[in-house]
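The values are calculated or read from the model by the stated rules, or taken from the named source; none is laboratory data. Owing to the predicted nature of the structure, the values given are computational and were not obtained by experimental measurement. When we count neighbours, we look across all protein chains shown, and the Cβ atoms used for this are built from the backbone with ideal geometry, even at glycine. To get the accessible areas, we keep the full protein, side chains included, count just its heavy atoms, and leave off ligands, DNA and RNA. Shrake-Rupley method; radii C 1.70, N 1.55, O 1.52, S 1.80 Å.
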Amino acid sequence: MHSILLPVFGHSAACFDTYNPTTFATNGANCAAKIKTKTMKNQIVNLKQWLKPMTLLACMSVMISCKKLAEETTVDLPVINPISNFEFKADSLNAFKFHFKDRSSKYKKIEWRFGDDSLSTQVSPTHTFATTGKFLVELKTVSNTGNTSKK
């Protein structure tokens with residue numbers, strides 16, 4: 001009797017310890033069943049080894065996407081309400097000319113409307129009216145958060 005080692009599917013499986021023509025068919029069937037079982041077990045082990053990192057990767061992707069959602073939420077800024085206030089003084093040499101002095105606070109943008117369809121964005125403007133009459137002067141301030149105030 002002779003010993004034979006058979007490499008099977010990349011394995012060094014020695015299913016046949018000895019070559020015996022009378023038991024070869026029985027041993028061959030048993031060996032094929034063992035190889036099939038071993039190959040299936042290896043495939044299951046390989047599948048498990050592949051699934052573990054893929055499951056971990058999927059979980060990390062979900063966590064990262066949830067983290068991005070949390071980071072993308074907007075934070076409400078504190079409301080800043082501007083305060084509009086001013087003083088004015090008539091020019092001593094021209095009865096139609098007035099000097100306006102801004103006394104406002106907490107604003108980013110300022111608009112003056114003088115009641116004669118004119119507008120100024122200067123902080124403390126001087127304005128000359130074209131005619132006599134009553135004019136409603138309005139000062140509007142706008143804060144960084146977009147809130148407005150008028151006087």
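Below, the figures for the structure above:
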| item | result |
| --- | --- |
| Formal net charge of residues neighbouring ASN85 (Cβ-Cβ distance under 13 Å; K, R +1; D, E -1) | +3 |
| Net charge of neighbours whose Cβ lies under 15 Å from the Cβ of ASN147, counting Lys and Arg as +1 and Asp and Glu as -1 | +4 |
| Surface accessible to a 1.4 Å probe, MET54 within the full protein complex, Å² | 80 |
| Carbon + sulfur, % of accessible area of the stretch 91-151 - ligands and nucleic acids excluded, 1.4 Å | 48 |
| Rounded accessible area of ARG103 (nearest 10 Å², 1.4 Å probe) | 120 |
| Neighbourhood charge, 14 Å Cβ-Cβ cut-off, centred on THR132 and excluding it, Lys, Arg +1 and Asp, Glu -1 | +1 |
| Per residue, in Å², the accessible surface of the stretch 72-151 once ligands and nucleic acids are set aside, probe 1.4 Å | 73 |
